[in-house]
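Working notes, structure below.
The values are calculated or read from the model by the stated rules, or taken from the named source; none is laboratory data. Since we're looking at a predicted model, the values are computed, not measured. Note: ideal-geometry Cβ built from the backbone for every residue, glycine included; neighbour counts use all protein chains shown.
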Amino acid sequence: MSYRDIQCGLVTKEWIGKSIKLAGWVDRIREVGGVTFILLRDQTGISQLVCESTEMIELAHKLHHEDVISIDGTVRERKQKDKNESMETGEIEIPVSFLSVLNSCTKLPFQIQKSQEVDENLRMKYRYLDIRNPRMHNNFVVRHKLLQTTRNYFSDLGFLEIETPYLGKSTPEGARDFLVPSRINQGKYYALTQSPQLYKEMLMAGGVDKYFQICRCFRDEDFRLDRQPEFTQIDMEMAFVDEDDLHEVIEGLMKKVVKNCIGAEIETPFSVISYEDAMRTYGTDKPDLRFDLPIKTISQMFLNPEYKAFYIAASDRKTIAAINISKDIAQYSRKQSDQLIEQCKMDEVAFYFVKNKENGIGLNFLTQEDKKLIADELKSEPGDSIIFAIGSGYQVFEALGRARSVVGKEILNKNEELKNSFRFTWVNKFPLFLWNEDKNSLDSVQHPFTLPKMDQYIKNIDTEPLDIESCSSDLVLNGFELGSGGIRIVDAELQKQIFEKVGVSAQDIDEQFDYLFNALSSGAPPEAGFALGVDRIAMLLTHSASLRDVIAFPKNTRGASPLTKEPSEITKEQHKEVFGE
RNA sequence: GGGGUCGUGGUGUAGCGGUUUAACACGCCAGCCUGUCACGCUGGAGACCGGGAGUUCGAAUCUCCUCGAUCCCGCCA
């Protein structure tokens, strides 16, 4: 005996007149008097059951929400006036001739239909209930399609899916490792892999031409709405290719993914912006290009000694930049502008929030001519608001970039179509290094296996290392970094030099990475690769507010699961077994 | 490590100008209703207001501490 002939969401007109069994969860019960409607739900959707006989109405009366029931009935077309156009199965209904409760639901901590509004920790504690919400189901459907599309895409292009270890080795660079003690080798530890980076380089050295993997990665850092302790990457690497080949493959993937997951078309190739332009124009290396709202550098317009503080700043190699907020987007009271500034503030950046009035920009020390010049440069109209910021380096831009994203959210909230659009962009020409004040040494901007632009490297490595760019790029979508990658170093000597430059000790270089140097100097081919965050892609495709909504069993911001209650203490015996004491 | 916000029946919120039977919506329970579709109507149960201390005649409300959640910076691809 089977429980059902078809799933609830799939009972359409073709089934009219057929006698069927259905099974699912009681979503809603409507007792109208003399007739009772039951909405029966499963993963595919909802069908309306009708109880008309006294016997069935009495049975239905005893049901609770989320009881699991099975029914028999003959599908019939609804009367014209009773059809429900907003329902997939709204043309039919199923009068119930037999009803049995397979399992009952006696207590619900929250309503399934409203689970999205419930405190997230409660949702996580009762994750199995949260997952019953169709919205969550859809998220998993989209995620499934994303993974399927990825596998098919790479497989069709001749990539091999190869798994690499999760139990790996702790290394000195990168994020903090999750450590796993080894029972057999007491006092020694595995590290859960932060990424398969080095393994895939070994695969290339092993003559694997094209590799990909959908792979879990682990990082023991602080968590955010777009960061989980374990997350999934689409990892890939190719031999004998350059950056253009790489971009083409990734663009092709994203095009298919968006198409297959949500049926939308995106334009390729994606736009490209340099790191420096992104920072100067948007104040971030992951700009949201769904809205424009550019930052303009206008230091040169204040080179007039009359302009006091602004003049001093401009002539002291500080940057004066500004962003114009059209009156059509928002008009700010004093309180609101203070709040906005508060959200943007950074150490050592000064802000001036001024209105552009009929008589010009509200910086009264400016000459009328300069007011006009600046307004023109900012494309500012009377009634608009302008935020000026003064500071050093990229800080000014970052501060204004925060203002830009706050204001941008307003724009998006007013325009649903814009909000749901997808604006991909590449960000390239990243610096190879940045200066780490705390360590008093250089750090890799991406990771230390990234190839520098060699002409710049040779010229500047000993004098201006911060001027060297790397052969790498990020893929950015709607203000989120989806992934990054580029060309790898395959010259063992160069790799050693880079390690030295970023402060990895000579001893660590020899001990931790000897296998890498051996592999590189054993005929490793030129190679490039990329890694994409599955969770973030799924989050954006489903317009979810958080990564947690596209992960079946996520952790909270403390890295804990309210459902299964890890992390947990271990027994004395377990402790003794792995630590000896 | 730092900063912001929040914590009130099962859920989501209001109350926070100090004295209330602590309110509302949804849910739950009982009843009514012959075509609902977020059904409707009537009635009922259910909260010592995260925890602790303090101020006060009197605290959900004010102060301090603490715990938890969440967002951001740091950190992290």
Next item on the list: Please give the number of the condition A:LYS81 fails out of (1) surrounded by fewer than 16 Cβ atoms within 10 Å (Cβ to Cβ); (2) under 25 Å from A:ASN133 (Cβ atoms); (3) of a type outside the set (Phe, Trp, Tyr).
Entry: (2)
Checklist line | Of the criteria (1) crowded, with 18+ Cβ neighbours inside 10 Å; (2) free of Cβ contacts under 8 Å to residues at least 40 places away in the same chain, which one A:CYS51 fails | finding: (2)
Next item on the list: Can you confirm whether segment A:155-164 contains a residue that is within 15 Å of RNA strand B (Cβ to nearest atom), more than 22 Å from the chain's Cα centre (by Cα) and surrounded by fewer than 17 Cβ atoms within 10 Å (Cβ to Cβ)?
Entry: no
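For segment A:365-383, does any single residue satisfy the condition of being aliphatic (A, V, I, L, M), surrounded by fewer than 20 Cβ atoms within 10 Å (Cβ to Cβ) and modelled with pLDDT under 90? Walk me through it before giving the result.
The initial filter retains those residues of segment A:365-383 that are aliphatic (A, V, I, L, M), namely A:366, A:373-375, A:378.
Now restrict to residues that are surrounded by fewer than 20 Cβ atoms within 10 Å (Cβ to Cβ): A:373, A:375.
The next check asks that each one be modelled with pLDDT under 90; those that pass are none.
The answer is no; no qualifying residue exists.
Matching residues to (1) modelled with pLDDT of 95 or more; (2) of a type in the set (Phe, Trp, Tyr):
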site: A:ILE487; (1), (2): yes, no
site: A:PHE499; (1), (2): no, yes
site: A:LEU520; (1), (2): yes, no
site: A:ALA524; (1), (2): yes, no
site: A:LEU540; (1), (2): yes, no
site: A:THR557; (1), (2): no, no
Note to self: Checking A:GLY523 against (1) within 30 Å of A:LYS409 (Cβ to Cβ); (2) assigned to a loop (DSSP other than H, G, I, E, B), only one condition comes out false. Which one?
What the structure shows: (1)
Check: Of all residues in segment A:377-431, which are in contact with a strand residue (DSSP E or B) (Cβ under 7 Å, 6 or more places away or on another chain) and free of Cβ contacts under 8 Å to residues at least 60 places away in the same chain?
Finding: A:LYS379, A:SER380, A:GLU381, A:PRO382, A:GLY383
Note to self: I need a count of the residues in segment A:180-207 that are among the β-branched types (Val, Ile, Thr) and either closer than 16 Å to A:LEU516 by Cβ or in a helix (DSSP H, G or I) (or both).
What the structure shows: 1
Next item on the list: Within segment A:109-128, track down each residue that is within 13 Å of A:VAL26 (Cα to Cα) and touching a helix residue (DSSP H, G or I) at 6+ places or on another chain (Cβ under 8 Å).
Entry: A:ILE112
Notebook entry, point to check: So, in segment A:6-17, of the ones that are within 16 Å of RNA strand B (Cβ to nearest atom) and part of a helix (DSSP H, G or I), which residue ends up nearest to the chain's Cα centre (by Cα)?
Noted result: A:GLY9
Item checked: Sole exception among (1) surrounded by 15 or more Cβ atoms within 10 Å (Cβ to Cβ); (2) away from RNA strand B (no atom under 15 Å from the Cβ) for A:PHE98, by number -> (1)
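Collect the residues in segment A:274-310 that are part of a helix (DSSP H, G or I), surrounded by fewer than 17 Cβ atoms within 10 Å (Cβ to Cβ) and in contact with a helix residue (DSSP H, G or I) (Cβ under 8 Å, 6 or more places away or on another chain), keeping them in residue-number order.
Quick first cut of segment A:274-310, residues part of a helix (DSSP H, G or I) only: A:275-282, A:299-302, A:305-310.
Filter once more, keeping what is surrounded by fewer than 17 Cβ atoms within 10 Å (Cβ to Cβ): A:276-277, A:300, A:305-306, A:308-309.
Passing the criteria: A:GLN300, A:PRO305.
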Next item on the list: Among the candidates A:VAL68, A:VAL35, single out the residue that is under 14 Å from A:CYS8 (Cβ atoms) and of a type in the set (A, V, I, L, M).
Entry: A:VAL68
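Take the residues in segment A:408-442 that are in a strand (DSSP E or B) and surrounded by fewer than 17 Cβ atoms within 10 Å (Cβ to Cβ), then tell me which one is farthest from the chain's Cα centre (by Cα). Step through it out loud before you land on a result.
Initially, segment A:408-442 is screened for residues in a strand (DSSP E or B), giving A:424-428, A:431, A:433-436, A:441-442.
Next, from what is left, pick out any that are surrounded by fewer than 17 Cβ atoms within 10 Å (Cβ to Cβ): A:434-436, A:441.
Values: A:LEU434: 24, A:TRP435: 27, A:ASN436: 26, A:SER441: 30 Å.
Checked segment A:408-442; the qualifying residue farthest from the chain's Cα centre (by Cα) is A:SER441.
Among the residues of segment A:535-553, how many are within 9 Å of RNA strand B (Cβ to nearest atom) and buried (at least 18 other Cβ atoms within 10 Å of the Cβ)?
Taking segment A:535-553 first, the residues within 9 Å of RNA strand B (Cβ to nearest atom) are A:545-548.
If we keep only those that are buried (at least 18 other Cβ atoms within 10 Å of the Cβ) as well, we get A:547-548.
So the answer is 2.
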Check: Can you find a residue in segment A:109-120 that is near RNA strand B (Cβ under 10 Å from one of its atoms), in a strand (DSSP E or B) and surrounded by 14 or more Cβ atoms within 10 Å (Cβ to Cβ)?
Finding: no
Next item on the list: Mind counting the residues in segment A:451-493 that are among the hydrophobic types (A, V, I, L, M, F, W, C), out of contact with any Leu (no Cβ under 8 Å at 6 or more places or on another chain), touching a residue at least 12 places away in the same chain (Cβ under 8 Å) and part of a helix (DSSP H, G or I)?
Entry: 0
Item checked: Complete set of residues in segment A:218-246 that are within 29 Å of A:TYR166 (Cβ to Cβ), within 16 Å of RNA strand B (Cβ to nearest atom) and outside any loop (DSSP other than H, G, I, E, B) -> A:PHE218, A:ARG224, A:ARG227, A:GLU230, A:PHE231, A:THR232, A:GLN233, A:ILE234, A:ASP235, A:MET236, A:GLU237, A:LEU246
Notebook entry, point to check: Only one of these conditions is not met by A:GLU251: (1) part of a helix (DSSP H, G or I); (2) in contact with a strand residue (DSSP E or B) (Cβ under 9 Å, 6 or more places away or on another chain); (3) crowded, with 22+ Cβ neighbours inside 10 Å; (4) in the same structural domain as A:SER470 (by TED's automatic domain parsing). Which number is it?
Noted result: (3)
Notebook entry, point to check: Which condition number does A:ILE20 fail, the rest of (1) in a strand (DSSP E or B); (2) more than 9 Å from RNA strand B (Cβ to nearest atom); (3) within 23 Å of A:LYS114 (Cα to Cα) being met?
Noted result: (3)
Note to self: Looking at segment A:504-527 only, could you name the residues that are surrounded by 16 or more Cβ atoms within 10 Å (Cβ to Cβ) and either in contact with a His (Cβ under 9 Å, 6 or more places away or on another chain) or under 15 Å from A:PRO448 (Cβ atoms) (or both)?
What the structure shows: A:VAL504, A:ILE509, A:GLN512, A:PHE513, A:LEU516, A:PHE517, A:LEU520
Margin query: Which of the numbered conditions does A:TYR332 fail, given that it passes all the others? Conditions: (1) touching a strand residue (DSSP E or B) at 6+ places or on another chain (Cβ under 6 Å); (2) in a helix (DSSP H, G or I); (3) at pLDDT below 85.
Written below: (2)
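So which residues in segment A:521-534 are touching a Phe, Trp or Tyr at 6+ places or on another chain (Cβ under 7 Å) and within 11 Å of RNA strand B (Cβ to nearest atom), if there are any at all? Show your work before the answer.
In the first step, residues of segment A:521-534 are kept if they are touching a Phe, Trp or Tyr at 6+ places or on another chain (Cβ under 7 Å); the result is A:525-526, A:533.
The answer is A:GLY533, and nothing else.
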Check: Going by the structure shown, is A:GLU267 in contact with a strand residue (DSSP E or B) (Cβ under 9 Å, 6 or more places away or on another chain), assigned to a loop (DSSP other than H, G, I, E, B) and either more than 14 Å from RNA strand B (Cβ to nearest atom) or without any contact (Cβ under 8 Å) to a residue 40 or more places away in the chain (or both)?
Finding: yes
